[in-house]
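First the structure, in the form of structure tokens, and then the observations on it.
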Amino acid sequence: MGKRKITITVETHTLLSVRRRKILTRAWCQQCSDFTEFTSLEEAVALTSCDDADLNELIASEKLHTIKTLKESPLVCFLSILRHITKA
């Protein structure tokens, strides 16, 4: 008898449900080259499950994108958060 070849394909899907505690700010993200939502550092910590030090390291390495505002602390790009979460 001839050899048989079996191919197994596994598909995975991820669903991320985010309940917004605060209103997100929509702005241009230079690194993404797109308009996206930005959230506070506190929300970014909750979404990424990182502590403040890890979040600051991700921002410094430009894995998470930020913009500076006049009234608040820097805001974090929601698209970069999603990319980080789905890559991990």
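Please list, ordered by first then second residue, the pairs with beta carbon atoms under 6 Å, 6 or more apart or interchain, first in segment 60-88 and within 15 Å of residue 46 (Cβ to Cβ), second modelled with pLDDT of 90 or more and of a type in the set (Val, Ile, Thr). So the pair list comes out as 64/76; 75/67; 76/39; 76/66; 78/36; 78/39. Within segment 48-68, the set of residues being surrounded by 13 or more Cβ atoms within 10 Å (Cβ to Cβ) and in a loop (DSSP other than H, G, I, E, B) comprises 50, 63, 64, 65. Please verify whether segment 40-58 includes one or more residues that are without any contact (Cβ under 8 Å) to a residue 60 or more places away in the chain and under 15 Å from residue 27 (Cα atoms). Yes, the conditions are met somewhere in segment 40-58. Here 76, 45 are screened, and the one residue that is surrounded by 13 or more Cβ atoms within 10 Å (Cβ to Cβ) and either assigned to a strand (DSSP E or B) or at pLDDT 95 or above (or both) is 76.
Among the numbered conditions (1) in a loop (DSSP other than H, G, I, E, B); (2) at pLDDT 90 or above, the only one that residue 4 does not meet is (2).
The values are calculated or read from the model by the stated rules, or taken from the named source; none is laboratory data. From a predicted model like this one, the values you see are computed outputs, not experimental measurements. Neighbour counts are summed over all protein chains in view; Cβ atoms, including those assigned to glycine, are modelled from backbone coordinates with ideal geometry.
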